[in-house]
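The values are calculated or read from the model by the stated rules, or taken from the named source; none is laboratory data. Everything quoted here is computed from the prediction, not taken from an experiment. Quick reminder, even Gly has a Cβ in these numbers, built from the backbone with ideal geometry, and neighbours come from all protein chains shown.
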Amino acid sequence: MNKSPYQVLLYYRYVPIPDPSGYLDSHRRLCEELELRGRIIIGAEGINGTVSGTVASTERYMEAMRADPLTAEMEFKIDPSEGHVFPKLSVKVRREIVTLGLPDEGDINPNQLTGDRLSPREFYEAMQEEDVVVIDGRNDYEADLGRFKNALCPPIRNFRDFPAWLKENTPNLRGRKILTYCTGGIRCEKLSGYIRKEGFDQVYQLDGGIVKYGKDPEVQGRDFEGLCYVFDERVGVEVNHTETRKIITHCRYCGVEESRYGNCRWPDCNEQIFVCPACRENEGLFCGDACRTAALEAGIALNPDEVTVS
Ligand SMILES: [Zn+2]
Ligand SMILES: [Zn+2]
């Protein structure tokens, strides 16, 4: 039974929205009335959102979306939560609801061109086949925290770097069956369509992404290693509920398992790093000596709770 007082919703839908700005105004009003927080992106091609709110208000939000013909088919991924996981509400209009950055004339409409959708079970089974390439469709720092066993994780900082990476790696991928996955499925809609457009014919995507894969009663997140990176205050969420679960990230100082990301406290750096509680105490939350020295010289304490005496 879900007794948590809040819920986090993750959802998207590629559907033509005739007047994105008008839609934005009414949608923002709805979210404000329900006191939701989170990030929603609206475009002529669809809507992409993640919000937190009380159970009652998130339920009303989903009802409102289902009552609107545009979003009646929306699939919501729901996580229980103890409170809001976003500091505020942001609703914006963008050309793309997830930015792959292709020029207008080369843009992908996932309703016309995309990879074949695999259910969590089908995806798990396909991963076991010979000569399959599982491509992580997310950024490098997301894959660092957790990824499918044996996945190929492109060293990219931003989704829009994918096309260049694919061009470089096309020779290694030719003739192989390609599986793609991302957090909730939206990036794969375009990514798998793009890969297909580049001349690959066996292209498949994990429907509903890692989040749905972790909730599937049958696969229960099997063979996903580490945590799933999410763009809210939780940072990482559990996916694998089987005996194959493991932590793949380690404290950069002592090497002990650590899955909590922190940002290097030197503001000019801000890199996302893993430092265990004991080393946070001794070394501070810094990526290394250079940032620690710079921070100490600037009077920044080793730890957030520490008070500097000047
Ligand atoms: Zn440590
Ligand atoms: Zn640093």
### Query
If you scan the range 276-302, which residues turn out to be buried (at least 18 other Cβ atoms within 10 Å of the Cβ) and either away from ligand 2 (no atom under 12 Å from the Cβ) or of a type in the set (S, T, N, Q) (or both)?
276, 279, 280, 302
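Hey, which of the strands (runs of 3 or more DSSP E) in the range 112-183, taking only ones fully inside, have at least 2 residues that are under 26 Å from residue 45 (Cα atoms) and in the same structural domain as residue 194 (by TED's automatic domain parsing)?
On the way: elements: 116-118, 132-136, 146-148, 177-181.
Once the strands (runs of 3 or more DSSP E) in the range 112-183 are filtered for at least 2 residues that are under 26 Å from residue 45 (Cα atoms) and in the same structural domain as residue 194 (by TED's automatic domain parsing), what remains is 116-118, 132-136, 177-181.
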### Message
So residue 185 passes all but one of these: (1) over 14 Å from the mean Cα position of the chain (by Cα); (2) at positive phi; (3) modelled with pLDDT of 95 or more. Which condition number does it fail?
### Response
(1)
### Task
Would you check which residues across the range 250-276 are aliphatic (A, V, I, L, M) and under 17 Å from residue 142 (Cα atoms) and list them?
273, 275
#### Entry: Test: residue in the range 162-170 that is in contact (Cβ under 8 Å) with a residue 24 or more places away in the chain and closer than 29 Å to residue 51 by Cβ
yes
### Message
I'd like the residue in the range 99-121 that is out of contact with any Phe, Trp or Tyr (no Cβ under 8 Å at 6 or more places or on another chain) and over 23 Å from residue 167 (Cα atoms) and, out of all such residues, is surrounded by the most Cβ atoms within 10 Å (Cβ to Cβ).
### Response
119
### Task
Answer with yes or no whether residue 252 is within 11 Å of ligand 2 (Cβ to nearest atom) and touching a helix residue (DSSP H, G or I) at 6+ places or on another chain (Cβ under 9 Å).
yes
### Query
Condition test on residue 190, is it surrounded by fewer than 21 Cβ atoms within 10 Å (Cβ to Cβ) and in contact (Cβ under 8 Å) with a residue 24 or more places away in the chain?
no
